[in-house]
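Following: one structure in structure tokens, then a few remarks.
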Amino acid sequence: MTEARRVDWAGRLAARRDGLRRPDPVVEGRLRRMIGLTLEAEGCEAPVGSRCEIFGHGDHSVEAEVVGFAEGRLFLMPTGALHGVTPNARVLPREEALAAHVGPDLLGRVLDGGGEPLDDRPAPEAPARMPLAGRSINPLGRAPIREPLDVGIRAINALLTVGQGQRMGLFAGSGVGKSVLLGMMTRYTNADVVVVGLIGERGREVKEFIEDILGEEGLARSAVVAAPADTSPLMRMHGAMLATSIAEYFRDQGLRVLLLMDSLTRYAQAQREIGLAIGEPPATKGYPPSVFARLPQLVERAGNAGRGEGSITAFYTVLTEGDDQQDPVADSARAILDGHIVLSRSLAESGHYPAIDIEASASRAMLNITDDAHVRASQRLRRLYATYRRNEDLINVGAYQHGSDASVDEAIAYHSSIMRFLGQDIGEAVSFRDAVAELHDLIGEDTGASLA
Ligand SMILES: Nc1ncnc2c1ncn2[C@@H]1O[C@H](COP(=O)(O)OP(=O)(O)OP(=O)(O)O)[C@@H](O)[C@H]1O
Ligand SMILES: [Mg+2]
């Protein structure tokens, strides 16, 4: 009797779930309003992040992405130009999810934020699909950062050692050598693959970076995604996401990937444009809160996968104009990255390149990936450098008396060889092994030693 009356809750729930999962039929909507770059459609439903097609005059159609909704209306942002869109235009939600088309043929290619080739060659074969927004990795499943990655730059390899799977920030104002440094890393790193995202740069710079800085040798082992400043904010966001998806693809093949993103600030600004356009309130220095949610979502996609699998080591450039340390994007980036390299304008102005301010820079993973002798030598170099810098003004005006402080005497004796060690010509590659050997030659093993 009780058996007969028992309700099959599990079955009912399953049936209900199936019913809920069944997709609604696609219903066409109409365009009701346009403010700036934002379009408002009524009558159709589509998830945030999906695409719609807007049919304008004649055969013309425009693609747009759902970026929000309110009071029965969808907010859409075009992926390209808005020309030809008419009032009451038909809006048709597309069913397929946003995906990045990836494959080994992307090496040596330059793509735009939508994955279309920019290099006048036929579309690359890209048979694999990766979600543009990435898949989250269980933090407990990630392999720890244990091995250094050779980036080919002496000062970084020796003093700011970067681990495979580490995420670094490159903080600098404009024109102090970010692009040149990224280009050198592309050519000289021993990573298997390099993925470069050029986000929000001036268009001319994209060409310069690819032709002059990367060169054929650099481009051959890299995939470049360029979404310059004149593309829509959505394309700039997609450019950064696509570059990350390409890096994830190569990581999933078990490769060591170096991802160079220039710049994270322009990515944040693209999200700011979108957020403000759909009515999100500006919170911190004009940035709406969604920006600070989007930054870690992008950055967390880099790093190690599981043990024995590939890695994405990443450098994100962050613009710190006028040495504004209060810049909210720089603040947020510092908190979510595993280290920062600061480029100094005064070093660049004095002709010292790469203009890395080693006092202000740090790699949080360095202790885990280097041996004790290497750490001791690098700390000693930093101490000598810092002692010199503290007394630089006195030394320069001739007010320092030789012999009055042994540590300052030592710092002065070492200074010119330290500056030579930290400098590196554009055409010079310095492997990790050579950088460490040169560091030991310069500083010596015995941390108590001093130059007579
Ligand atoms: N290692 C180097 N050796 C010699 N000169 C260098 C080096 N790095 C940079 N420079 C000089 O600095 C200039 C500016 O460098 P770069 O274009 O890389 O700066 P940037 O920070 O990317 O600038 P922007 O903010 O405009 O993108 C270069 O044109 C070059 O003259
Ligand atoms: Mg640049």
Review point. What accessible surface, in Å², does a 1.4 Å probe find on His101, ignoring ligands, DNA and RNA and rounding to the nearest 10?
Key: 100 Å²
Review point. Can you give the longest stretch of the chain with no exposed loop site, where a site means GluC sites (Glu not before Pro) in a DSSP loop (not H, G, I, E or B) with at most 12 other C-beta atoms within 10 Å?
Key: 126-427
Revision key, fill the gap. Contact order relative to length for the chain, counting C-alpha pairs under 8 Å separated by 6 or more residues, stands in percent at 16 percent
Revision key, fill the gap. Here D for region 300-357, in µm²/s, from Stokes-Einstein with a Kirkwood Rh over Cα pairs at 37 °C and 0.692 mPa s, works out to 243 µm²/s
**Study point:** Stokes-Einstein D for region 125-239, Kirkwood Rh over Cα pairs, 20 °C, 1.002 mPa s (µm²/s)
**Key:** 133 µm²/s
**Study point:** In Hz, Karplus ³J(HN,Hα) per residue of region 72-78 (6.51, -1.76, 1.60; θ = phi - 60°; x = Gly, Pro)
**Key:** x, 10, 9, 9, 10, 10, x
Exercise for review: In nm, give the distance between the simple-model label positions of Arg376 and Arg30, each being 7 Å from the Cα along the Cα-to-Cβ direction.
Suggested key: 8.0 nm
Point to revise | Cα coordinate range in region 31-169, projected on the principal axes (Å, largest first) | key: 61, 39, 28
Exercise for review: Counting other Cβ atoms within 10 Å, keep those with at most 12, restrict to DSSP loop, and tell me which trypsin sites (Lys or Arg not before Pro) in region 291-335 are left.
Suggested key: Arg307
Exercise for review: Please list the non-local residues whose amide H lies under 5 Å from the amide H of Phe69, H modeled 1.01 Å from N, same-chain partners needing a gap of 5 or more.
Suggested key: Phe75
Point to revise | Positive-pole candidate from Gly113, Pro282, Tyr249, dipole of the chain, charges at beta carbon | key: Pro282
Check your understanding: Just the Cα atoms of the chain: what Rg and Dmax do they give in Å?
Key -> 26.1, 104
Review point. So how long is each side of region 280-405 along the principal axes, counting just the alpha-carbon atoms, biggest first, in Å?
Key: 60, 43, 23
Revision key, fill the gap. For Gly197, the residues 5 or more places away or on another chain with a placed amide H closer than 5 Å to its own amide H are Val225, Leu260, Met261, Asp262
Practice item. Would you check the accessible area of Lys178, probe 1.4 Å, heavy atoms only, in square angstrom rounded to 10? Key: 20 Å²
Check your understanding: If you plug each phi of region 35-43 into the Karplus form 6.51 cos²θ - 1.76 cosθ + 1.60 with θ = phi - 60°, what whole-Hz ³J(HN,Hα) values come out, in order, with x for Gly and Pro?
Key -> 10, x, 9, 8, 10, 10, 10, 10, x
Review point. Once amide H atoms are placed 1.01 Å from N in the peptide plane, what residues at a sequence separation of 5 or more from Leu170, or on another chain, have their amide H within under 5 Å of its amide H?
Key: Tyr316, Thr317, Val318, Ile341
Review point. Got a sec to turn the phi values of region 362-371 into Karplus ³J(HN,Hα) couplings, 6.51 cos²θ - 1.76 cosθ + 1.60 with θ = phi - 60°, whole Hz, x for Gly and Pro?
Key: 7, 10, 6, 9, 4, 4, 7, 10, 10, 7
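The values are calculated or read from the model by the stated rules, or taken from the named source; none is laboratory data. Nothing here was measured: the structure is a model prediction, and the numbers come from that model. When we count neighbours, we look across all protein chains shown, and the Cβ atoms used for this are built from the backbone with ideal geometry, even at glycine. Side chains included, ligands, DNA and RNA excluded: accessible areas come from the protein's heavy atoms. Shrake-Rupley method; radii C 1.70, N 1.55, O 1.52, S 1.80 Å.
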